[in-house]
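Notes follow the structure.
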Amino acid sequence: MKTDTVTAFNQLALAKPLLTVLDEVGYETPSPIQAQTIPLLLEGKDVLGQAQTGTGKTAAFALPLLSRLDLKQKDPQVLVLAPTRELAIQVAEAFQKYASHMHGFHVLPVYGAQDYRGQIRALQRVVPVGTPGRVMDHMRRGTLKLDKLSALVLDEADEMLRMGFIDDVEWILEQTPAHRQIALFSATMPQQIRRIANQYLNE
Ligand code: AMP
């Protein structure tokens, strides 16, 4: 499908519960980044997107990745890394909204200065959305297992670089299964982000 011909969400092969939500929230037309990204992510391809906030980029990755979730699988299938606690919460709220008709599904914001124990109990059938340091802590403690991971989102990758999280991001990337899908979004494309894209994106 040519992306310039996508004028309605129901032209995209999104799962039914997501189309229902889009109807409810009143989104009529996919934004350009959504029209370009959603078909690729639905096919399991990797995506490198240059996009600012306000362009609809959260739905551009949340809708197709939610669409591909296997709700019978307990371990995390999708992980989102974001530079700040605020963005992590915002992305988690967006996932929760789009998933409101997907029963038994939870989103968990994982960021600094939270009690671990509540999070540990909660880390089942979830999409963890977190800052790199905290996600790494959970992985090291064995409270977040990513061997069933099928997709990883790097949101605002240039901000994660600017804030000094890029080594943590790479460490996490190295621990995830080789064939996981990656969606990397960045407002700018500095050399180090291009290198990461070249090194870790398969398609
Ligand atoms: P984002 O760029 O992901 O931060 O999204 C910016 C805002 O646009 C959010 O408040 C979304 O709820 C809204 N939004 C995203 N996609 C659409 C769409 N296709 N139609 C209308 N509003 C949208």
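Can we say L79 is more than 14 Å from the ligand (Cβ to nearest atom), closer than 27 Å to V135 by Cβ and surrounded by fewer than 21 Cβ atoms within 10 Å (Cβ to Cβ)?
Working: more than 14 Å from the ligand (Cβ to nearest atom): yes; closer than 27 Å to V135 by Cβ: yes; surrounded by fewer than 21 Cβ atoms within 10 Å (Cβ to Cβ): no.
No, not satisfied.
In the range 85-98, which residues are farther than 17 Å from L184 by Cβ, in contact (Cβ under 8 Å) with a residue 12 or more places away in the chain and more than 12 Å from the ligand (Cβ to nearest atom)?
Within the range 85-98, R85, I89, A92 meet the criteria.
Within the range 162-180, can you find the residues that are within 18 Å of P190 (Cα to Cα) and either assigned to a helix (DSSP H, G or I) or free of Cβ contacts under 8 Å to residues at least 60 places away in the same chain (or both)?
R162, G164, I166, D167, D168, V169, E170 - these are the residues of the range 162-180 that are within 18 Å of P190 (Cα to Cα) and either assigned to a helix (DSSP H, G or I) or free of Cβ contacts under 8 Å to residues at least 60 places away in the same chain (or both).
Restricting the range 41-53 to residues that are within 15 Å of the ligand (Cβ to nearest atom) and touching a Ser or Thr at 6+ places or on another chain (Cβ under 9 Å), which is farthest from Y98 (Cα to Cα)?
Kept after step one, since they are within 15 Å of the ligand (Cβ to nearest atom), are these residues of the range 41-53: 41, 47, 49-53.
Filter once more, keeping what is touching a Ser or Thr at 6+ places or on another chain (Cβ under 9 Å): 41, 47, 49-51.
Numbers: L41: 16, V47: 20, G49: 21, Q50: 23, A51: 20 Å.
Filtering first and then ranking leaves Q50.
Please work out if D137 is modelled with pLDDT under 95, surrounded by fewer than 21 Cβ atoms within 10 Å (Cβ to Cβ), among the acidic types (D, E) and within 29 Å of T55 (Cα to Cα). Outline the logic, then answer.
Details: modelled with pLDDT under 95: yes; surrounded by fewer than 21 Cβ atoms within 10 Å (Cβ to Cβ): yes; among the acidic types (D, E): yes; within 29 Å of T55 (Cα to Cα): no.
It is false that D137 is modelled with pLDDT under 95, surrounded by fewer than 21 Cβ atoms within 10 Å (Cβ to Cβ), among the acidic types (D, E) and within 29 Å of T55 (Cα to Cα).
So that you can scan it fast, the table gives a plain yes or no per residue for (1) farther than 23 Å from P177 by Cβ; (2) modelled with pLDDT of 95 or more; (3) among the hydroxyl-bearing types (S, T, Y):
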| site | (1), (2), (3) |
| --- | --- |
| T20 | yes, yes, yes |
| A51 | yes, no, no |
| L66 | no, yes, no |
| A82 | no, yes, no |
| A88 | no, no, no |
| S100 | yes, no, yes |
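Count, please, the residues in the range 5-40 that happen to be surrounded by 12 or more Cβ atoms within 10 Å (Cβ to Cβ), part of a loop (DSSP other than H, G, I, E, B), of a type in the set (S, T, N, Q) and more than 9 Å from the ligand (Cβ to nearest atom).
Final tally of qualifying residues: 0.
I'd like the residue in the range 54-68 that is over 20 Å from N202 (Cα atoms) and more than 11 Å from the ligand (Cβ to nearest atom) and, out of all such residues, is nearest to the chain's Cα centre (by Cα).
L66
Is it the case that some residue within the range 71-78 is more than 15 Å from F185 (Cβ to Cβ) and in a helix (DSSP H, G or I)?
Checked against the condition, which is being more than 15 Å from F185 (Cβ to Cβ) and in a helix (DSSP H, G or I), the range 71-78 yields no hits at all.
The values are calculated or read from the model by the stated rules, or taken from the named source; none is laboratory data. For clarity, every value in this text was computed on a predicted model and none was experimentally measured. Glycine also receives a Cβ, built like all others from the backbone with ideal geometry; neighbour counts cover every protein chain displayed.
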